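A quick write-up on the structure given underneath.
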Amino acid sequence: MRLSPLRSEQFRWKLIPLLLLATFNCVYLFMHNSTRHLTHPAPPDPTHDPETPVPASEPNLSSTPHSSLKPKATYNEFRLSLPAGNATTFTINELLDLCHNGESLTITKHYALSGNTQESQYLSNCNPIEISTSQGARSRGHCSDFVQYILYADARLVPEYFAETFQRKMQKCPNSFYLHGEYPIVHLFTGTTDAVTNISASNSTHVPPQRVRNIWMPNWEQVKQEQNWMIRASYLIACKVHITCTAVQKYLLDETTQKQHQNSQNENEHRFANATPILRFMSHSSPDATLSNHHSESELNRYNKFYHAYGHSGRKSTGAVLECWLNHPEWPKLTVIGDNAIAANSERILKAKATNIQLYERVSKAQLQDLQISHGVHLCPSGQEGYGHYINEARSWGAVTVTTHHPPMQEFVEDGVSGILVDHKGSAPEAYQLLGNYETVGVQVGWENVCDAVEKVLTTTLAARAAMGKLARKRYEDDSEIMIKNLIALKQEAEEFNRGSFDGFAFMKLLDL
């Protein structure tokens, strides 16, 4: 991706005073020691790592630093990245790269900012929808979540700051919406006012008054037992998949648990025991791979090539996929890509003298996309998912999507129409999962289950598989349209509550760029 820098030295001198003007009410912070490291989020669960393959390192996407005026030594440097050419907004894939490969950037759809002006800019104005997370939490999967809200709901993504900064932010911007992903910012939740209500959880037309409106977009399988109070402290639970709303609804209607919270010695459980959030299915999507869905007859052979990616995750049933193929040396070639794939699996493949399995570990982004597009059957038999970006990416590529007959995976596929569903052996619960008390979160997929599903694929013609892939792509587009419509509505709601939209990049309009 090529990002255009500011085009002449004279604009560098113009930009600094204009940026300072936009952040005048935080000059002290700007002049003081604002360059502080982030608080650390909880480390990712070792069994729940980014779900997509890990491309080789990409070049740093930030532009050349621009620095001139120095009110205090070393505290005025920043970098500004703009869309290429005459574009006024980044593409969604450019936003994804900025989020995942950047260095704790402040990101909007119009610009990306780094350097020690970031915190003062964050505190100087109130974007209707704010997101905050550290670079360590900006995995490709999480960034794929956030960029949808940045592009379609005009959200702003900033680094994670100390509690003091968030307290000041809430004082300055009590009417902003604060969006959270897998690592919610506790300081923003505890900053809400107490709310007491007897409204039914099924009634989403009334909301208890809250000083700060937190929107939680959780991965349902990652909601921990100790995070129960955050559900009720939220203004809105934004469900990426239907099963999230279903499970949260059951939790909210559990009177026994609510009474326990009302009498709890835990301050937050007791404080929010009677609050009720809005439950809203938002739909969701992944950045579009921009693959044309119209394949010629010569491209039909891609539907006889099988692909499985697991990134760093141990929840993709990779062992079952490999064992299935080891039992079928007569089958077409299977390509497997993921962390440590060769070191972990080559010995057993060599021992079995399997010639129809090819392993990859780290590849470039271009190589990854070549593998995805050249293989027309994507095997995604996860034991559990919070959403499933690699499943949705398979649909975007127009591939036959083979995934598990269990939510949320089954929400992506109509069995035998736009993909194939894989049966499983039953539940595989994990004690920390709060919503596992109300729905079966994880299941175990055996190699026999994988083989049964692959057999169904192999009994169809290549043309029939291509037709499935076309319908998979259509469902991807339909779900994306639903999400965009809902995000635009959320944007309008946030702007109304914030008493108007805010153009955080207005100062750039004064420059002839």
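Let me confirm something: among 455, 439, 393, 448, which residue is charged (D, E, K, R), within 22 Å of residue 225 (Cα to Cα), at pLDDT 95 or above and not assigned by the TED database to the domain that holds residue 139? So that I can check it myself, show each step before the final result.
Working: 455 fails: within 22 Å of residue 225 (Cα to Cα); 393 fails: within 22 Å of residue 225 (Cα to Cα); 448 fails: within 22 Å of residue 225 (Cα to Cα).
When all the criteria are applied, what remains is 439.
Among the residues of the stretch 366-383, those identified as among the hydrophobic types (A, V, I, L, M, F, W, C) and within 15 Å of residue 311 (Cα to Cα) are 368, 371, 379, 380. Only one of the numbered conditions (1) modelled with pLDDT under 95; (2) within 23 Å of residue 146 (Cβ to Cβ) is violated by residue 509, and that is (2).
How many of the residues making up the stretch 405-419 are without any contact (Cβ under 8 Å) to a residue 40 or more places away in the chain and over 26 Å from residue 227 (Cβ atoms)?
First pass over the stretch 405-419, keeping only residues without any contact (Cβ under 8 Å) to a residue 40 or more places away in the chain: 405-406, 409-410, 415.
Pick out the ones that are also over 26 Å from residue 227 (Cβ atoms) and you get 405, 415.
Count: 2.
Which one is farthest from residue 235 (Cα to Cα) among residues in the stretch 251-293 that are assigned to a strand (DSSP E or B) and touching a Leu at 6+ places or on another chain (Cβ under 7 Å)? Even if it seems obvious, please write down each step before you answer.
To start, the set of residues in the stretch 251-293 that are assigned to a strand (DSSP E or B) comprises 278-281.
In the following step, the residues that additionally are touching a Leu at 6+ places or on another chain (Cβ under 7 Å) were identified as 278, 280.
Values: 278: 6, 280: 11 Å.
Result: 280.
A search for C-beta distances below 9 Å between a residue of the stretch 296-322 that is at pLDDT below 95 and of a type in the set (Asp, Glu) and any residue that is assigned to a helix (DSSP H, G or I) and crowded, with 19+ Cβ neighbours inside 10 Å, counting only pairs 6+ apart in sequence or on different chains, returns 299/466.
For every residue, the table says whether it meets (1) over 21 Å from residue 479 (Cα atoms); (2) touching a residue at least 40 places away in the same chain (Cβ under 8 Å); (3) charged (D, E, K, R); (4) touching a strand residue (DSSP E or B) at 6+ places or on another chain (Cβ under 9 Å).
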{"residue": "351", "(1), (2), (3), (4)": "yes, no, yes, no"}
{"residue": "356", "(1), (2), (3), (4)": "yes, no, no, yes"}
{"residue": "371", "(1), (2), (3), (4)": "yes, yes, no, yes"}
{"residue": "375", "(1), (2), (3), (4)": "yes, yes, no, yes"}
{"residue": "381", "(1), (2), (3), (4)": "no, yes, no, yes"}
{"residue": "386", "(1), (2), (3), (4)": "no, yes, no, no"}
{"residue": "391", "(1), (2), (3), (4)": "no, no, no, yes"}
{"residue": "398", "(1), (2), (3), (4)": "no, yes, no, no"}
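Of note, residue 364 does not satisfy the criterion of being in contact with a helix residue (DSSP H, G or I) (Cβ under 6 Å, 6 or more places away or on another chain) and either small (Gly, Ala, Ser) or crowded, with 24+ Cβ neighbours inside 10 Å (or both). Listed conditions (1) outside any strand (DSSP E or B); (2) in contact with a strand residue (DSSP E or B) (Cβ under 9 Å, 6 or more places away or on another chain); (3) under 30 Å from residue 315 (Cβ atoms); (4) at pLDDT 95 or above are all met by residue 131, apart from (1). Taken over the stretch 458-502, the residue count meeting the criterion of being in the same structural domain as residue 427 (by the TED database), assigned to a helix (DSSP H, G or I) and farther than 26 Å from residue 406 by Cβ is 3.
Residues are listed down the side, and each one gets a yes or a no for (1) surrounded by fewer than 17 Cβ atoms within 10 Å (Cβ to Cβ); (2) modelled with pLDDT of 95 or more; (3) among the acidic types (Asp, Glu):
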| site | (1), (2), (3) |
| --- | --- |
| 238 | no, yes, no |
| 242 | yes, yes, no |
| 245 | no, yes, no |
| 252 | no, yes, no |
| 255 | yes, yes, yes |
| 260 | yes, yes, no |
| 269 | no, yes, yes |
| 283 | no, yes, no |
| 287 | no, no, no |
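Annotation note: Cβ proximity below 6 Å between a residue of the stretch 423-443 that is free of Cβ contacts under 8 Å to residues at least 24 places away in the same chain and a residue that is surrounded by 19 or more Cβ atoms within 10 Å (Cβ to Cβ) (sequence gap 6+ or interchain) occurs for 427/443; 429/436.
Could you tell me which of the residues 339, 415 is at pLDDT below 95 and over 21 Å from residue 305 (Cβ atoms)? Working first, answer last.
Numbers: 415 fails: at pLDDT below 95.
339 is the lone residue from the list that is at pLDDT below 95 and over 21 Å from residue 305 (Cβ atoms).
Residue-wise test of (1) in the same structural domain as residue 176 (by the TED database); (2) crowded, with 20+ Cβ neighbours inside 10 Å; (3) in a helix (DSSP H, G or I); (4) among the β-branched types (Val, Ile, Thr).
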{"residue": "80", "(1), (2), (3), (4)": "yes, yes, no, no"}
{"residue": "85", "(1), (2), (3), (4)": "yes, no, no, no"}
{"residue": "90", "(1), (2), (3), (4)": "yes, yes, no, no"}
{"residue": "97", "(1), (2), (3), (4)": "yes, yes, yes, no"}
{"residue": "103", "(1), (2), (3), (4)": "yes, no, no, no"}
{"residue": "113", "(1), (2), (3), (4)": "yes, yes, no, no"}
{"residue": "119", "(1), (2), (3), (4)": "yes, yes, yes, no"}
{"residue": "123", "(1), (2), (3), (4)": "yes, yes, yes, no"}
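How many of the residues in the stretch 447-470 are surrounded by 18 or more Cβ atoms within 10 Å (Cβ to Cβ) and either touching a Lys or Arg at 6+ places or on another chain (Cβ under 6 Å) or more than 17 Å from residue 327 (Cβ to Cβ) (or both)? Give the steps one after another, and end with the answer.
The initial filter retains those residues of the stretch 447-470 that are surrounded by 18 or more Cβ atoms within 10 Å (Cβ to Cβ), namely 447, 449-451, 453-454, 457, 465-466, 468-469.
Filter once more, so that each one left must be either touching a Lys or Arg at 6+ places or on another chain (Cβ under 6 Å) or more than 17 Å from residue 327 (Cβ to Cβ) (or both): 465-466, 468-469.
Of the residues in that region, 4 qualify.
Remark: pairs (first residue in the stretch 227-256, on the phi > 0 side of the Ramachandran plot; second residue modelled with pLDDT of 95 or more; Cβ separation under 6 Å; 6+ apart in sequence or on different chains) are absent. Considering only the stretch 369-386, I want to know if a residue exists there that is surrounded by 23 or more Cβ atoms within 10 Å (Cβ to Cβ), acidic (Asp, Glu) and either under 24 Å from the mean Cα position of the chain (by Cα) or farther than 22 Å from residue 145 by Cα (or both). Yes, that holds for at least one residue.
Per the conditions (1) buried (at least 24 other Cβ atoms within 10 Å of the Cβ); (2) more than 21 Å from residue 240 (Cα to Cα); (3) among the basic types (Lys, Arg), the sole criterion not satisfied by residue 395 is (2).
The values are calculated or read from the model by the stated rules, or taken from the named source; none is laboratory data. Just so you know, these numbers come straight off a predicted model, no measurement behind them. Note: ideal-geometry Cβ built from the backbone for every residue, glycine included; neighbour counts use all protein chains shown.
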